[in-house]
1. Of the conditions (1) exposed (fewer than 15 other Cβ atoms within 10 Å of the Cβ); (2) without any contact (Cβ under 8 Å) to a residue 40 or more places away in the chain; (3) under 14 Å from Leu151 (Cα atoms), Lys60 clears all except one; give me its number.
2. Given the options Ser37, Ser46, name the one that is out of contact with any helix residue (DSSP H, G or I) (no Cβ under 9 Å at 6 or more places or on another chain), closer than 22 Å to Asn154 by Cα and among the polar types (S, T, N, Q).
3. Please name all residue pairs, on different chains or six or more residues apart, with Cβ atoms under 8 Å, provided the first residue is in the stretch 17-44 and is under 13 Å from Ile143 (Cβ atoms) and in contact (Cβ under 8 Å) with a residue 40 or more places away in the chain and the second residue is assigned to a loop (DSSP other than H, G, I, E, B) and polar (S, T, N, Q).
4. Determine if the stretch 10-26 includes at least one residue that is part of a loop (DSSP other than H, G, I, E, B), on the phi < 0 side of the Ramachandran plot and at pLDDT 95 or above.
5. Residue by residue through the stretch 72-88, note down the ones that are among the small types (Gly, Ala, Ser), in a loop (DSSP other than H, G, I, E, B) and either over 26 Å from Gly142 (Cα atoms) or in contact with a Gly (Cβ under 7 Å, 6 or more places away or on another chain) (or both).
6. On the basis of being within 29 Å of Glu188 (Cα to Cα), in contact (Cβ under 8 Å) with a residue 12 or more places away in the chain and of a type in the set (Gly, Ala, Ser), does Gly113 make the cut?
7. Looking only at the stretch 149-181, filter to residues that are under 23 Å from the mean Cα position of the chain (by Cα) and either of a type in the set (Phe, Trp, Tyr) or closer than 13 Å to His195 by Cα (or both); which one of those is surrounded by the most Cβ atoms within 10 Å (Cβ to Cβ)?
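The values are calculated or read from the model by the stated rules, or taken from the named source; none is laboratory data. What you are looking at is a predicted structure, and each value in this text was computed from that prediction instead of being measured. Positions of Cβ are backbone-derived with ideal geometry, glycine not excepted, and every protein chain shown enters the neighbour counts.
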Amino acid sequence: MGRNFGYGGAAPRVRGAVVIDLGKRMNKILDINPDDSTCLVEPGVSYYALYEEVQRRGYKHLWIDVPDLGGGSVLGNALDHGVGYTPYGDHWAMHSGLEVVTPTGEVVRTGMGALPGNNTWQVFPYGFGPFIDGIFSQSNYGIVTKMGFGLMPNPGGHESFLYTFEKEDDLEQLVEIVRPLRIAMILENAANIRHALQVLALSGKPRSAFWRL
């Protein structure tokens, strides 16, 4: 799916590791609720697939926060604490409810999903008692088979801004400028700071496209 590019690749790092492919057969969009702006997906659902389904159903009032790789897993990105570029960019924070299969074969549903027939699973992330969702993020305590998310209401438009600074020594001052804007939620999404070489590398273009010899 996303191939885990941000963390070095999808190949196992330890001899004897077992990789379970959930992308081919567990790729269903189980629910999209246009009134509550929520969805429930399986591990194999990509951002592309979720976007196309939202469009197919005619839900123009719903947006999807997509990271750099639209072909990546919506569920997997959130479990790895992936981020996007809108106010809904903290994907883990926007989840509501997990279904997990434990190593002992038990099925655990967190939040309101623990109650039989409950229809508020994706609306309210908490249940009764401790909030245990976090132990299943970036861990091997269970296999997450379903995950709910909030979808962003269409704001009607957006504007992107790009500022460049030539000296790396100016980075500290730039952070101090951005910090109060982010804390006060004037900047509703996380500011993204990248080195020029990183941007060029991600473009996939040869050096000749940017440098003249």
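1. With respect to (1) exposed (fewer than 15 other Cβ atoms within 10 Å of the Cβ); (2) without any contact (Cβ under 8 Å) to a residue 40 or more places away in the chain; (3) under 14 Å from Leu151 (Cα atoms), Lys60 is out only on (2).
2. Ser37
3. Short answer, once both residue conditions are applied: Glu42/Asn27; Pro43/Asn27; Gly44/Asn27.
4. Yes - at least one qualifying residue is present in the stretch 10-26.
5. If we filter the stretch 72-88 for residues that are among the small types (Gly, Ala, Ser), which is where we start, we get 72-73, 76, 78, 82, 84.
With in a loop (DSSP other than H, G, I, E, B) added as a condition, the list becomes 72, 82, 84.
Selection gives Gly72 alone.
6. no
7. Phe149
Per-residue answers, yes or no, for (1) modelled with pLDDT under 85; (2) more than 30 Å from Gly23 (Cβ to Cβ); (3) not polar (S, T, N, Q):
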| position | (1), (2), (3) |
| --- | --- |
| Phe136 | no, no, yes |
| Ser139 | no, no, no |
| Gly156 | no, yes, yes |
| Ser160 | yes, yes, no |
| Asp169 | no, yes, yes |
| Leu174 | no, yes, yes |
| Glu188 | no, yes, yes |
| Asn192 | yes, no, no |
| Ala196 | yes, yes, yes |
